[in-house]
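Written below as structure tokens is the structure these notes are about.
No value in this document is a laboratory result; all are computed from the given coordinates. The structure displayed is predicted, hence computed values, not measured ones. Backbone-built Cβ (ideal geometry, glycine too); neighbour counts: all protein chains shown.
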Amino acid sequence: MPEGDSLHNIAELLRPALIDRELTRVAVPRARGMYRLRVGDLVSAVESRGKFLEIEVERGLVLRTHLRMTGSWDLYETGQRWRKPQHLARAVLETASAVAVCFAAPVVEVGVVGDGRLDHLGPDLCDPTVEIGECVARSLAVDPGLEIADVLLDQRIAAGIGNVYKCETLFACGLSPFTLAAAVDADVRHTLYQTASRLLQQNLGRWRRETHGDGVAVYDRAGQGCRKCLDRIRVRTHGVQGRMTFWCPTCQPECSRPCAAIRSAPST
């Protein structure tokens, strides 16, 4: 699933091709809602909010997409052959010189700018001015019986963390993903969200993620040696969303008491 850094990078890719350009072709065949973009609309903004992408037009409408596990955005020159089948296209926005295509996204909707559709999202961790304290406060209101891995994935607390950054953040902070939220104090939560924000922001503008050295520390490395201790990275499917979690059992030991000892994660 694309995470906050990916959506930020997609927005950066699309802006030069769409902003201040009139749409010469619009096809959003399965869009939710009663509103529709149309030929002649002038694109005024392209923004990412957590895992959502928003494309606004001057008429005050906005196209929103959430890519989840299957979606993607591609950008082509006019007349260039698409890299994916046409039947997978969920949104096509064409200008005089470019074609932006959203493929296989489960969520595609057209709404009104400022309609509050995304007000449920927590602070965007890709934003350099993000208020980490607000993320911590929101996290303290969730079920204390949840595992901390599930808390990090909750976009209502902080927007942008997906499965990759969940795993990488917990490794960087030396915290077991199976630790109950009740055992994680406010200071440790602050460190977790601050670390996630740092990792996300250091990957803005990159299409190959680097969270530890020249790659990732634990994500998708099951059975390989830990980059710190050489123990074998493990994987387990668990949690509310049934996601795969990668972790090092030596560097991230199970924690049965309040985790007050973790205060900061080293920079990479």
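Computed from point charges on the beta carbon alone (+1 for Lys and Arg, -1 for Asp and Glu), the dipole magnitude for the chain about its Cα centre is near 860 Debye.
Scan the chain and report its longest stretch carrying no chymotrypsin sites (Phe, Trp or Tyr not before Pro) that are both in a DSSP loop and have at most 14 other Cβ atoms within 10 Å. Within the chain, the longest run free of exposed chymotrypsin sites (Phe, Trp or Tyr not before Pro) spans 83-206. By the gyration tensor of its Cα atoms, with a ≥ b ≥ c the square roots of the eigenvalues, what is the shape of the range 4-112: rounded for a/c under 1.5, prolate for a/b over b/c, or oblate? Cα axes put the range 4-112 in the rounded bin.
Could you work out the helix-only [θ] at 222 nm for the chain, with each DSSP H run of four or more residues adding -39,500 (n - 2.57) and the total divided by the number of residues, to the nearest 500 deg cm²/dmol?
On the way: 5 runs with 57 residues, N = 268.
Helix-only estimate at 222 nm: -6500 deg cm²/dmol.
Rg and Dmax of the chain, both derived from C-alpha coordinates alone, stand at 20.0, 61 Å.
Of the trypsin sites (Lys or Arg not before Pro) in the range 53-93, the ones in a loop by DSSP (not H, G, I, E or B) with at most 16 other beta carbons within 10 Å are Arg59, Arg68, Arg81, Arg83. Under 25 Å of direct C-alpha separation, and excluding same-chain neighbours fewer than eight residues apart, Lys166 reaches these lysines: Lys51, Lys228. Counting only GluC sites (Glu not before Pro) that DSSP places in a loop and that have at most 15 other Cβ atoms within 10 Å, the longest clean stretch of the chain runs over 132-209.
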